[in-house]
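Colleague: Encoded as structure tokens, here's the structure I'll be asking about.
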Amino acid sequence: MDVDDPAGQALVIGAGRAALGAGLLLAPRALGRFLFREHVGDQAQVTLRLFAGREIALGLGAALAARRGGPGLRGWVEAGAVADAADVAAMALAPPCTLRRLTRLAGTLAGTSATLWGLRAADRLAEADAQA
């Protein structure tokens, strides 16, 4: 796998997303405490497990499409970028008392980075498709 190759980048993005989803599904309390630096109650665990399903589906979709090749890969990567952008919006719109300032900042930066990386990978996939 070549991480300079757009399909290689999409595979890395997809595998990372699926791994995050698996961690959230299997250990929402521990991973939530790591991500948010605060206690994760029962309701938050359910929410994190719902989020896990999205991450697993988008991650596996992108990883499998990257391994198979073909035109569907770009759509999976773009869908992941849209999901990441929605996460950034959710962080930005959360009431101030909901999240600690550092948690909000870290989440916003991580989500923005993931969105931009996904959009760049999708753009590179489009360029590769145009050259093929």
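Colleague: Along segment 82-92, what does the Karplus equation 6.51 cos²θ - 1.76 cosθ + 1.60 (θ = phi - 60°) give for ³J(HN,Hα), rounded to whole Hz, x for Gly and Pro?
Modeller: 5, 4, 5, 5, 5, 5, 4, 4, 4, 5, 5
Colleague: Report, to the nearest 10°, how far helix 101-131 tilts away from the longest principal axis of the Cα atoms in the chain, using its own Cα long axis and a range of 0 to 90°.
Modeller: Roughly 10 degrees between the two axes.
Colleague: Would you mind checking the tilt of helix 6-26 against the longest principal axis of the Cα atoms of the chain, expressed as 0 to 90 degrees and rounded to 10?
Modeller: The angle comes out at about 30 degrees.
Colleague: What are the extents of the Cα atoms of segment 6-126 along their three principal axes, in Å, largest first?
Modeller: Principal-axis extents of segment 6-126 (Cα, largest first): 44, 26, 16 Å.
Colleague: Which loop-located trypsin sites (Lys or Arg not before Pro) does segment 70-115 contain, where loop means any DSSP state but H, G, I, E or B and the Cβ has at most 16 other Cβ atoms within 10 Å? Write out the running numbers ahead of the final one.
Modeller: Values: sites: ARG74, ARG100, ARG101, ARG104; in loops: ARG100.
Those that pass, being in a loop and sparsely packed, are ARG100.
Colleague: Hey, in the GNM for the chain with a 10 angstrom Cα cutoff, which one of ALA57, ALA85, ALA44 fluctuates hardest?
Modeller: ALA44
Since every read-out is calculated from the coordinates, none of them should be taken as a lab result. Bear in mind the structure is a predicted one, so any value in this text is a computation, not a measurement. Because the Cβ atoms are built from the backbone with ideal geometry, glycine has one as well, and the counts that use them run over all protein chains shown.
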